[in-house]
Amino acid sequence: MAVTGNVPGSGPLAGVRVVELAGIGPGPFAAMLLADLGADVVRVDRPGGGALAVDPAYDITNRGKRSVLVDLKAPGGPARVLDLVERADVLIEGLRPGVAERLGVGPADCHARNPGLVYGRMTGWGQDGPLAHTAGHDIAYIAVTGALGMIGNPGEPPAVPANLVGDYAGGSLYLVIGVLAALRHARTPGGAGQVVDAAIVDGTAHLTAMIHGMMAAGGWQDRRGANLLDGGCPFYGTYETSDGGYMAVGALEQQFYDTFVELLGIGEQAPARKDVSRWGELREAVAARFRTRSREEWTAVFEGSDACVAPVLSLGEAPLHPHLAARGTFTEFGGITQPAPAPRFSATPARVTSGPARPGAHTESVAADWDVPALLTKDA
């Protein structure tokens, strides 16, 4: 049976055992989040790899995990995974629908060995539907949900938000929510394990709930750059500074807006903010003013105020921001600066405990800790 006891100071998921079938993108990120929170995550890597073209030593999404090598296509491969499953609380896989079943590690196979297992499935299109068996990536998933079409300037192609909106927000985070909810159910009297079908299209669509409500109420136009939160509003957007940097403005409420225009120095000239017909004029006034100083100078002007203005920082600059530095939002481990675990817990704090797991590096320790000696056989 899986170990469920908590270990003080090791995170709120200490004692939870997770098997991760190696993949790329949202599955590994979800497993990393569980590991950040204290779960014992064992990643089952394939001989020969199959990850993104990055040195495994720098793949932060594999931090805090342990790795074993198992060839699921070898005669004894599925049995070794099932031995791990028997001792686990959660399994995460991101294979195309039907592949895990053909390999002998699908939900039926796993639940036959461990009825309480939470079987988390991470895909783009989901386990059913016309596109379920087709390939795809973040950009396609967020395209069909309407999310991508909201992002960018009017008259220009939609802006691609890296893979944050689909893979990680709509995918990984919804998988983790589903896994934790299912884990709670499995541990209630009469509860049992189940399959969590986390599709990126479902999660991304769910993220747009507020926008759909606003559109139904007539408060959102179904086009880019024409709304309060999509850059269409002159007091909710980004502006270039004299040195080529940018400032982000989010002065939505009246009291914040008043502080913003006062500190910006256009309080007397700024047209009424509620007059949408003059938003273009207001935008030009704000843009012209921002171009008179550097990003650093404007940052100093707005520092500590309620104007809701912040400098747009690069990934390299972000860890040096005074607020983020004070909170320890970023941490350094193994010579790599990286985001620290989030969120935070008062009684069971989470922390980075180890660097990226090298494929197969922990076979002996996992075999001993999980009591799966078959992992040590050479044909695994």
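The values are calculated or read from the model by the stated rules, or taken from the named source; none is laboratory data. Just so it is clear, the structure is predicted and the values come from calculations on it, not from any experiment. A quick note on method: Cβ atoms are made from the backbone with ideal geometry, for glycine too, and the neighbour counts reach across all protein chains shown. We work out accessible area using only protein heavy atoms, side chains counted, and drop any ligands, DNA or RNA first. Shrake-Rupley method; radii C 1.70, N 1.55, O 1.52, S 1.80 Å.
Structure values in brief
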quantity: Computed label-point distance, nm, for sites residue 192 and residue 128 using a 7 Å Cα→Cβ extension; calculated: 1.8
quantity: Heavy-atom accessible surface of the chain: percent carbon and sulfur, 1.4 Å; calculated: 57
quantity: Whole-number accessible area per residue in Å² for the chain, which is evaluated in the context of all protein chains at 1.4 Å; calculated: 50
quantity: Hits among aspartates and glutamates - C-alpha to C-alpha of residue 378 under 13 Å, sequence gap 8 or more where chains match; calculated: 71, 364
quantity: Segment residue 226-residue 74, extension gain: residue separation times 0.36 nm, minus the distance between their alpha carbons; calculated: 49.1 nm
quantity: Point-to-point label distance, residue 243-residue 294, nm (Cα→Cβ direction, 7 Å offset); calculated: 0.3
quantity: Translational diffusion of the chain, µm² s⁻¹ [Kirkwood Rh, Cα pairs; Stokes-Einstein; 4 °C; 1.567 mPa s]; calculated: 56
quantity: Whole-angstrom gap from the stretch 180-208 to the stretch 330-368, using each part's C-alpha centre; calculated: 25
quantity: Loop-exposed GluC sites (Glu not before Pro) per DSSP, neighbour cap 15 Cβ within 10 angstrom, longest uninterrupted part of the chain; calculated: 1-252
quantity: Rounded to 10°, Cα long-axis angle of helix 173-186 versus longest principal axis of the chain; calculated: 50
quantity: Point-charge dipole on Cβ atoms (K/R +1, D/E -1) for the chain, about Cα centre, debye to 20; calculated: 620
quantity: Accessible area in the full protein assembly, largest first, 1.4 Å probe, for 354, 172; calculated: 354, 172
quantity: Stretchable slack from residue 102 to residue 337, in nm (0.36 nm times residue separation minus alpha-carbon distance); calculated: 80.6 nm
